[in-house]
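What follows is calculated from the coordinates using simple rules that are stated; it is not laboratory data. Note that the coordinates shown come from a computational prediction; the quantities given were computed from them, not determined experimentally. Counting neighbours? That spans all protein chains shown, and the Cβs are built from the backbone with ideal geometry, glycine included.
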Amino acid sequence: MASPQTTSPKRAHPISFVPSETSLPEFTPRAVLLGLLFGLLFGAVSTYLGLRAGLTVSASIPIAVLAISIFKKLGHSSILENNLVQTTGSAGESIAAGVIFTLPAMIFLGFPLEYSRIFLLAMIGGWLGILFMIPLRRYLIVEEHGVLVYPEGTACADVLVAGERGGNFASRVFWGLGIGSAYKLLMNGLYFWRENPQYQPGWLPGASFRMDITPEYLGVGYIIGLRTSALLFAGGVLSWLVIAPAIKFFGSAFPGAIYPATAPIAHLSPDDIWASYIRPIGAGAVAAAGLITLLRTLPTIASAFRSSWRELRQRQARVAANRRLRTERDLPLWLVLVGSALLGLLTWAILAFRYNPQAAWFSNVLSALLVVLFGFFFVTVSSRIVGIIGTSSNPVSGMTIATLVLTCLLFVLAGWTGHLYSALALSVGGAVAIAAANAGATSQDLKTGFLVGATPWKQQVGLMMGVVASVLVIGYTVPFLNAAYSSYRPLTLALPALARQTQGSQTGIAGVRIESRNYQLPAAVLPQVRQRRYWELNAIGANAIPDGKYLYDPARGEIRVHWVQGIGSEQVPAPQAQLMATVINGILNHRLPWALILIGVFIVAAVEMLGIRSLAFAVGAYLGLGTTAAICAGGVIRWLAEQGRKTEGDTGSGALYSSGLIAGGAIFGLLAAGIAYLKATGRIGATALEYGPQWFGHWARNPWIAMAVFLLLAYSLYRFGRKPMPGGTPGE
């Protein structure tokens, strides 16, 4: 199918699908309502996917397809209504991407995950990303049309035009949604087969072959393709099949514990080795890869900022000439300036009066200024970079690392290095990361609108409404997943000196703080160590115990329970958030296993010397092997589906089916997390709904049965990937 316009040389403007003099229904109540509903849905789905897999995928195309299909059932709709739905709904994915990169690091820094903090910072960052993009729209989207292609935005415009011309391809998404949901329900809800078949070979102690056979991982692998998914898998192979066995081999003969583990290596399982040794190595690798990615894009960043600043100075002369055209009307510049100032003031207020009232007064003022300044700079950078390399390759993590490093260095110069300032630095980095991520997605949406002939100010209002809707659900999803996958493990560790301390005091053990003196275990958890009251401890960079939360029995003078948080576990690893905590701790607290982190740094250096872009490899080295193996399987399926095609990259049906698999798997993954939460709190029995073992016995736990079912799912993806799109593939 032809694109809605012909790509022209630089500054040659295309003709929009809907001319500027044509007026069609656009900002209608039904379009706004449906967009808000999709913002809620994909906000939760993208948060779940990002915390588990460490990445998100663009939601614009599946939302556009679903909008076209739903409106066809309700009666005729205009292409501009469909575009407004995807514009409003896509904010959920971009906000989730910025949130999962940063704010879950509160757990690793020893702070609670508060809904209000996530909600306010996400809303501030999301709105800043939109406001700062508004004065750049004409230059980046219109004037640079022949230079900046905005791949996701252009592809989404093609889908909208195909739907307007009668292309019927929504069934691909619905098939994926149905099959992914049913698969996930049977696996995680009824336990008909195992989710993570694994094999720990006796001939290679410390290694673990495993795969998390979920539909969302398979779909993500198909969308990102074989090369990226193979790099992710290669990093996992290095960590789980090379480094972990080497640690087991050389460390098993040593009788004592080697920091940061607290037990001898001979007694550690592969998962324990990953938690104690592999994770710091992976964090160092991701940090180094993110900085290298940022340094590599510095020329583009400098050019983008210079060009955009020049455009801002020249913009006023063109506004008067174009203000009468519907397709040239942005929200007014005064609203951008006033709104940005108010958001900066709001940032200072919530930090000074809600979260950091004990901090030095100027630290909150400086933090609010940094949010606005860094936000403007990286919004400008992000908006241009995604026009070249797309949203999926946007180096938001590198921008966030740069923000955190500069912020922490300023704090160190000012002498602000206490525990409180780590949360303050993360608040700055979180707001900036969300602004940069949302600015990239906003640019893609405005490009789509430019190509189909949308009204810019209506899209911008829709985006702001979509931000509010998505942060409502994202603010609940992150702490919910943490609670759902938290666990309690019995532990006996004598620390008699703690019994004489008071809440918030120094414990005499570096890196260990008393957070609360009143905590009671849920009734159904660890009855052998349950008592009326524990003290809640938090360890960050301590030599005596690994980082984490613990429950301390003052009567015995012992730590009795290791309270394992869901965020950071194998189920919800949150790799980028772990990285951000590593950066902050490394600069402010100086208590990290630097030898392990530097190993990760030099591994990335070696990969870069081989001429390989290291970011995907580094993320794979941090994630579990089960995650990267399943993602790689999706990439292999895409490669197989593309063989013999006349048009390279003709994967429209497979991509839409994959989007359905991701959405269906993530939705029922959230439901499965809810079941896990009810079990953890004793509200339902520990074996409730486990009909698989009841009906099929040991066959329900057989790893080969699980792999056979996963192969059937992979074959269904291959079949859809081979099907041509009705009426042509988008972008063809």
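So what's the back-of-envelope 222 nm ellipticity for the chain, counting only DSSP H runs of four-plus at -39500 (n - 2.57) apiece and dividing by all residues, rounded to 500?
Roughly -20000 deg cm²/dmol at 222 nm, from the helical runs in the chain.
Roughly speaking, what is the stretch gain from R533 to A494, that is 0.36 nm per residue apart minus the C-alpha to C-alpha distance, in nm to one decimal?
Using 0.36 nm per residue and subtracting the Cα-Cα distance, I get 12.3 nm.
Sort segment 118-168 into rounded, prolate or oblate with this rule: let a ≥ b ≥ c be the square roots of the eigenvalues of the Cα gyration tensor; rounded if a/c is under 1.5, and if a/c is not under 1.5, prolate when a/b is larger than b/c, oblate otherwise.
oblate
Compare the Cα positions of V286, G600, V636 along the charge dipole of the chain (+1 at Cβ of Lys, Arg; -1 at Cβ of Asp, Glu; about the Cα centre) and return the one farthest towards the positive end.
V286
Placing +1 at every Lys and Arg Cβ and -1 at every Asp and Glu Cβ, with all other atoms neutral, what dipole size does the chain have around its Cα centre, in debye to the nearest 20?
In debye, rounded to 20, the chain gives about 440.
Mind checking which of G221, G202, L177 is farthest towards the positive end of segment 133-257's charge dipole, using Cβ charges of +1 (Lys, Arg) and -1 (Asp, Glu) about the Cα centre?
G202
Which of the listed residues, A359, N518, S23, is farthest toward the dipole's positive end in the chain, when Lys, Arg count +1 and Asp, Glu count -1 at the beta-carbon?
Result: S23.
List the extent of the Cα atoms of segment 128-227 along each of their three principal axes, largest first, rounded to whole Å.
Extents along the principal axes, in whole Å: 62, 37, 28.
Give the shape of segment 160-285 as rounded, prolate or oblate, defined through the alpha-carbon gyration tensor: a ≥ b ≥ c are the square roots of its eigenvalues, a/c under 1.5 means rounded, and otherwise the shape is prolate if a/b is larger than b/c and oblate if not.
On the way: a/c = 3.59, a/b = 2.29, b/c = 1.57.
Since a/c reaches 1.5 and a/b is larger than b/c, the shape of segment 160-285 is classed as prolate.
What angle do you read, to the nearest 10 degrees and between 0 and 90, between the alpha-carbon axis of helix 625-642 and the longest principal axis of the chain?
30
Relative to the first principal axis of the alpha-carbon coordinates of the chain, what is the inclination of helix 419-452, with its axis defined by its Cα atoms, in degrees from 0 to 90 and to the nearest 10?
The angle comes out at about 30 degrees.
Please say if segment 44-84 is rounded, prolate or oblate, where rounded means a/c under 1.5 for a ≥ b ≥ c the square roots of the C-alpha gyration tensor eigenvalues, and otherwise the choice is prolate for a/b larger than b/c and oblate otherwise?
Since a/c reaches 1.5 and a/b is larger than b/c, the shape of segment 44-84 is classed as prolate.
Run the quick spin-label model on W203 and W361: label points 7 Å from Cα toward the beta carbon, then report their separation in nm to one decimal.
Going by the 7 Å Cα→Cβ label model, 7.1 nm.
Given the convex hull over the Cα atoms of segment 342-430, what projected area results after averaging over all orientations, in nm²?
5.9
R0 = 30 Å: FRET efficiency of A414 with F119, Cβ-based, nearest 0.05?
0.55
Could you pull out every residue, at least 5 positions away or on a different chain, whose amide H is within less than 5 Å of the one on V561? Hs are placed 1.01 Å off N in the peptide plane, and Pro or chain starts have none.
Under 5 Å from the amide H of V561: L491, L551.
Note down the relative contact order for the chain as a percent, whole number, built from C-alpha pairs under 8 angstrom at least six residues apart. Display every interim value, and only then the final one.
Values: 1466 pairs, mean separation 218.5, N = 732.
Answer for the chain is 30 percent.
Taking the highest mean first, how do the peptides 205-213, 485-493, 451-459, 99-107 order by number of other beta carbon atoms within 10 angstrom per residue?
Sorting 205-213, 485-493, 451-459, 99-107 by mean packing, highest first, produces 99-107, 451-459, 205-213, 485-493.
Helix 703-722 versus the longest principal axis of the chain: what is the Cα-based angle in degrees, 0 to 90, to the nearest 10?
With rounding to tens, the tilt is 10 degrees.
Can you work out the Karplus-derived ³J(HN,Hα) for every residue in segment 201-206? Use 6.51 cos²θ - 1.76 cosθ + 1.60 with θ = phi - 60°, whole Hz, and x for glycine or proline.
The phi angles translate into x, x, 7, 9, x, x Hz.
Charges at C-beta only: +1 for Lys and Arg, -1 for Asp and Glu. How large is the resulting dipole of segment 101-188 about its Cα centre, in Debye rounded to 20?
The dipole of segment 101-188 has a size of about 220 debye.
Using r as the Cβ-Cβ distance of H698 and L186, and R0 as 30 Å, what FRET efficiency do you calculate, to the nearest 0.05?
Rounded to the nearest 0.05, the efficiency is 0.95.
What is the distance in Å between the Cα centroid of segment 574-603 and that of segment 205-240?
Centre-to-centre distance over Cα atoms comes out at 23 Å.
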